[in-house]
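*Asks:* Supplied in structure tokens, the structure appears directly below.
Read-outs throughout are calculated quantities, based only on the coordinates presented, and are distinct from any laboratory measurement. Quantities reported herein were computed from a predicted structural model and do not represent experimental measurements. Cβ placement follows ideal geometry from the backbone for every residue including glycine, while neighbour counts extend to all protein chains displayed.
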Amino acid sequence: MAEIWQWNTSTTAERIRSGDISAREVADAHLARLDEVNPLLNAVTNDVRESAIAREAELDESFSASGPAGALHGVPVTIKENIDVEGQVTPNGMLANAEVVAPADSPLVSHFKNAGAVIIGRTNTPEMSYRWHTDNPLRGQTHNPWS
């Protein structure tokens with residue numbers, strides 16, 4: 001059987017909805033994998049595990065009382081640093097934007113949150129999201145896990 005962090009979105013959501021596993025257990029598996037591989041990859045540049053764990057706990061509690069919060073209830077996601085997440089920096093790989101804080105969620109992030117997904121981290125992006133590989137002066141290069 002595949003590791004929890006290897007499950008696709010549909011499987012993850014179904015296993016949480018069925019009660020086979022809690023949202024917190026899924027988050028813990030993903031965060032453990034992040035801790036294992038991110039030092040080599042530099043893919044996740046902003047680890048927001050504290051807020052993710054708190055949100056997963058809320059979702060587990062609400063699930064017991066009223067069922068899933070949405071189709072992605074408890075599914076962990078990462079959001080690139082070129083997409084606004086309220087209260088977090090959105091530097092888009094640029095030194096000039098290193099401290100630009102998003103005043104509101106982008107529509108994509110709002111949809112994810114409304115569906116019950118939980119942001120566990122922000123991921124690196126090419127400077128201005130302009131190149132095919134991820135490298136920028138603010139966060140550095142993201143390495144390919146398959147090479």
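*Asks:* Given only helices, namely DSSP H runs of n ≥ 4 each adding -39500 (n - 2.57), what is the per-residue ellipticity at 222 nm of the chain, to the nearest 500 deg cm²/dmol?
*Replies:* -12000 deg cm²/dmol
*Asks:* In degrees, nearest 10, range 0 to 90: what is the angle between the Cα axis of helix 23-41 and the longest Cα principal axis of the chain?
*Replies:* Compared with the principal axis, the helix lies near 20 degrees.
*Asks:* Can you pull out the GluC sites (Glu not before Pro) in region 21-126 that DSSP calls coil and that have at most 16 other Cβ atoms within 10 Å?
*Replies:* Passing sites in region 21-126 are E86, E99.
*Asks:* Please identify every one of the trypsin sites (Lys or Arg not before Pro) in region 107-147 that sits in a loop by DSSP and has no more than 12 other beta carbons within 10 Å of its own beta carbon.
*Replies:* Sites meeting the loop and neighbour criteria: R131.
*Asks:* Another question about this same structure. Largest first, please: the extent of the C-alpha atoms of region 4-129 along each principal axis, to the nearest Å.
*Replies:* In descending order, the Cα extents are 45, 32, 22 Å.
*Asks:* Could I ask something else about it? When Lys and Arg each count +1 and Asp and Glu each count -1, what net charge do the other residues less than 14 Å away from T134, Cβ to Cβ, add up to?
*Replies:* Taking every other residue near T134 into account, the sum is +1.
*Asks:* Moving on to the next point. Just to verify a number: FRET efficiency for M1 and N114, C-beta to C-beta distance, R0 = 30 Å, to 0.05? Numbers along the way, then the final one.
*Replies:* Working: r = 31 Å, r/R0 = 1.03.
With a Förster radius of 30 Å, E is 0.45.
*Asks:* So how much slack lies between A54 and S66, counting 0.36 nm per residue of separation and subtracting their Cα-Cα distance, in nm?
*Replies:* Gain in length upon complete extension: 2.5 nm.
*Asks:* For V101, put the label point 7 Å out on the Cα→Cβ axis and report which residues of region 66-88 keep their amide N under 19 Å from it.
*Replies:* 81-88
*Asks:* Right, another one. Which of T134, L41, I21 sits farthest toward the positive end of the charge dipole of the chain, with +1 on the Cβ of Lys and Arg and -1 on the Cβ of Asp and Glu?
*Replies:* T134
*Asks:* Relative contact order, percent, of region 4-129 when contacts are C-alpha pairs under 8 Å separated by at least 6 residues?
*Replies:* 30
*Asks:* Restrict the search to region 49-147; then list the chymotrypsin sites (Phe, Trp or Tyr not before Pro) that DSSP places in a loop and that have at most 16 other Cβ atoms within 10 Å of their Cβ.
*Replies:* Y130, W132, W146
*Asks:* Between beta-carbons, use under 11 Å as the cut-off and find the net charge around A32, counting Lys and Arg +1, Asp and Glu -1.
*Replies:* On the way: positive: R33, R49; negative: E3, E25, D28, D35, E36.
The answer is -3.
*Asks:* While we're looking at this one, here's another question. Could you tell me how far the Cα centroid of region 28-65 sits from the Cα centroid of region 106-131, in Å?
*Replies:* 14
*Asks:* Separate question: With 10 angstrom as the radius, rank M128, M94, M1 by how many other C-beta atoms surround their C-beta, starting from the fewest.
*Replies:* Final ranking by Cβ density, sparse to dense: M1, M128, M94.
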